[in-house]
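As structure tokens, the structure follows; a few thoughts come after it.
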Amino acid sequence: MNDNLILEVRHLSKSFGSHQVLRDIDFVVRPGDVTSIIGASGSGKSTLLRCINLLETPTSGEILFHGEDIVARKGGAAAYRSKVGMVFQSFNLFNNMTVLANCTVGQVKVLKKDKATAKENAMRYLEKVGMTPYINAKPRQLSGGQKQRVAIARALAMDPEVLLFDEPTSALDPEMVGEVLTVMQTLANEGMTMLVVTHEMAFARDVSNHVVFMADGVIGEEGEPEQVFLNPSNPRMVEFLARFRQQ
Amino acid sequence: MLQTFFQQCAQLGIDITSTWARYGGQYLTGMYNTITLAILATLIGCIIGFICGILNTIPCGPGDNIVKRVVLRIIRVVIRIYVEVFRGTPMILQAVFIYYGLPYFTGSVRWPSVFIAALVIVSINTGAYMAESVRGGFLSIDPGQTESAKAIGMTHVQTMLYVIIPQALRVLLPQIGNNLIINIKDTSVMFIISYGELFSVHRAAVGATYLYFPSAAIEMTAYFSMTLIASLILRWLEKRMDGSDNYELVNEDQLVGAAGTYTHPVKGSPYDEHSKEAQKFQQQRQWAENRKNSEASDVGNRSLDQRGER
Ligand SMILES: Nc1ncnc2c1ncn2[C@@H]1O[C@H](COP(=O)(O)OP(=O)(O)OP(=O)(O)O)[C@@H](O)[C@H]1O
Ligand SMILES: [Mg+2]
């Protein structure tokens, strides 16, 4: 059963002090899945993603990566993270490096590739996101949409098995949202396994094949987009959708 | 009244000339000794400061094992004591304390040279100040930088080396410059352990000539030119570290033959918008260039002014 699963989240809980943010979360990610995680602000979506990348340590539960529990395993967090890419809401490009260096540093220092191979690989992904003309620019010289596209290329350049996105378009001006979503849609079409926290309901509905709705730290509703969006059974999901339709 | 002033000025010229004639070589040696000590001590002090800063920021949570937590706790307390003691006592006394303290306790073991003793004391002092600055420098860097470094699989050491320290170094450069300038001046207390720096030459010269003011005038000029040159070099270094304000847009025809050939089934090529963006950036580059040129002429004017004053 484990063979065709990349990630399994089992009974995952997370508390900050006495504040329980995630409660008994269960879901799986298969290769090629594009999973959208939606839900109200504060429902624990970012925390869930950060737990999956071990940027937060879960309070209890298991996260299985190809069947191996990476929470219980001591050490090796860095090696695991190199296989799970992450794209942040605030881009977080390395400010001291050029666009190209941002995309090669991980390959050279973490994956120990030689510089030429790393550059070649980086150029391939920078081309995919349409940022090749800017390889010599520093992050401060780029627009938000460009930064996010570089951040995606940086994550891709590590050849990850799964890519996590935490609201990749929320910090962008409306006219730049499209360019980033286009790149993400391309990746989805090419079969990249993605886990996307998003407020872009159109993306969740049209691009992903699996939708997880979170409410107050639990999964309120989960399933195929048609089912979740057209026939939601959870009253909170109904309410959540109604608010979106009004906007 | 005015006449006496001019007479005194003329007299000063004569006195300076005669002092310089006798002690010129020693003033120059003093300058050399001062600047060597100041530069080396600043460098070593910065390294000490960075080491303390790194030790102070090793992440350690309740999840870590007890040994690591205890060791880190002890390290932090030791650094705290070091910083407080050396920031909180006069350097001139520390010099006496350490220079005479070593043979007092060991009897036969002495400092190999006054220079080494002076270097140790000034470095340790600089380190104490830098430790706090470095901690602040690390804290000033967006935690997002650390997170994204971790997210691509970097270890703590790699994150520090390739992401945090280079950025902290830039933030701290003005502070490092301050320390260098302070050290150029404050190494003057090292005469107390007979290190032959610039101020000790003054003491030797006036002991023989009693020409206090002329010698002081020479010393003032010498110290001021050293600190001025130091601060000009540091400004230049800051500019250099910032890199150029503009960058070359790489012509994708040359470097990547295939770029732009990819077309998205729905949205078309991401290069559809590229030409528009490229234009925008050409424009921004132009602005940046103009701004840089006007800044450059500003700097030019300023240094002309300074030369005029002297
Ligand atoms: N480091 C932390 N320490 C304490 N509480 C935290 C921490 N991080 C998150 N929380 C709390 O956890 C809850 C869930 O936060 P989270 O960021 O996961 O929400 P979210 O669903 O991503 O919201 P948004 O859509 O606004 O990004 C919030 O109540 C938040 O205050
Ligand atoms: Mg969030």
Would you confirm, using the coordinates I've provided, whether residue A:158 is under 20 Å from residue A:55 (Cβ atoms) and over 12 Å from the mean Cα position of the chain (by Cα)? yes
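In region A:133-155, what count of residues is obtained for those that are more than 11 Å from chain B (Cβ to nearest Cβ) and either open to solvent by less than 10 Å² (accessible area, probe 1.4 Å) or not small (Gly, Ala, Ser) (or both)? Give the derivation first.
At the first step, the residues of region A:133-155 found to be more than 11 Å from chain B (Cβ to nearest Cβ) are A:144, A:147-148, A:150, A:152-153.
Filter once more, keeping what is either open to solvent by less than 10 Å² (accessible area, probe 1.4 Å) or not small (Gly, Ala, Ser) (or both): A:147-148, A:150, A:152-153.
Within region A:133-155, residues that are more than 11 Å from chain B (Cβ to nearest Cβ) and either open to solvent by less than 10 Å² (accessible area, probe 1.4 Å) or not small (Gly, Ala, Ser) (or both) number 5.
So if I check each of B:137, B:144, which one is of a type in the set (Gly, Ala, Ser) and within 27 Å of residue B:36 (Cβ to Cβ)?
Working: B:144 fails: within 27 Å of residue B:36 (Cβ to Cβ).
Step by step, each of B:137, B:144 is checked, and only B:137 is of a type in the set (Gly, Ala, Ser) and within 27 Å of residue B:36 (Cβ to Cβ).
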Out of all the residues in region A:82-94, is one or more over 17 Å from the mean Cα position of the chain (by Cα) and more than 11 Å from ligand 1 (Cβ to nearest atom)? yes
In region A:69-120, how many are of a type in the set (S, T, N, Q) and surrounded by fewer than 17 Cβ atoms within 10 Å (Cβ to Cβ)? 1
Can you tell me which residue in region A:179-191 is nearest to ligand 1 (Cβ to nearest atom), limited to those that are touching a Gly at 6+ places or on another chain (Cβ under 8 Å) and open to solvent by 20 Å² or more (accessible area, probe 1.4 Å)? A:179
Please verify whether residue A:102 is within 16 Å of ligand 1 (Cβ to nearest atom) and within 12 Å of chain B (Cβ to nearest Cβ), treating the condition exactly as stated. no
Restricting the first residue to region A:33-49 and requiring it to be on the phi > 0 side of the Ramachandran plot, which pairs with a second residue that is within 7 Å of ligand 1 (Cβ to nearest atom) meet a Cβ separation below 7 Å and a spacing of at least six or different chains? A:39/A:45; A:39/A:214; A:44/A:21; A:44/A:214
Cβ-Cβ distance below 7 Å, separation of 6 or more or different chains: which pairs start in region A:187-212 with a residue that is more than 13 Å from residue A:228 (Cβ to Cβ) and end on one that is in a helix (DSSP H, G or I) and hydroxyl-bearing (Ser, Thr, Tyr)? A:197/A:46
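Condition first: within 14 Å of another protein chain (Cβ to nearest Cβ) and either free of Cβ contacts under 8 Å to residues at least 40 places away in the same chain or away from ligand 2 (no atom under 16 Å from the Cβ) (or both). Now tell me which residues in region A:1-27 satisfy that. Don't jump to the end; show me each part of the working.
Taking region A:1-27 as the starting set, the residues that turn out to be within 14 Å of another protein chain (Cβ to nearest Cβ) are A:14-17.
Once the filter is applied, which keeps residues that are within 14 Å of another protein chain (Cβ to nearest Cβ) and either free of Cβ contacts under 8 Å to residues at least 40 places away in the same chain or away from ligand 2 (no atom under 16 Å from the Cβ) (or both), region A:1-27 yields A:15, A:16, A:17.
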Could you please find all residues in region A:156-185 being hydroxyl-bearing (Ser, Thr, Tyr) and within 11 Å of chain B (Cβ to nearest Cβ)? A:182
Those residues of region A:28-64 that are within 29 Å of residue A:226 (Cβ to Cβ), away from ligand 2 (no atom under 16 Å from the Cβ) and either in contact with a Leu (Cβ under 7 Å, 6 or more places away or on another chain) or open to solvent by 10 Å² or more (accessible area, probe 1.4 Å) (or both) come to a total of 8
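The values are calculated or read from the model by the stated rules, or taken from the named source; none is laboratory data. Keep in mind the model is a prediction, meaning the values are calculated, not measured. Cβ: placed from backbone, ideal geometry, glycine included. Neighbour counts: every protein chain shown. Calculation scope for accessible area: heavy atoms of the full protein, side chains included, ligands and nucleic acids excluded. Shrake-Rupley method; radii C 1.70, N 1.55, O 1.52, S 1.80 Å.
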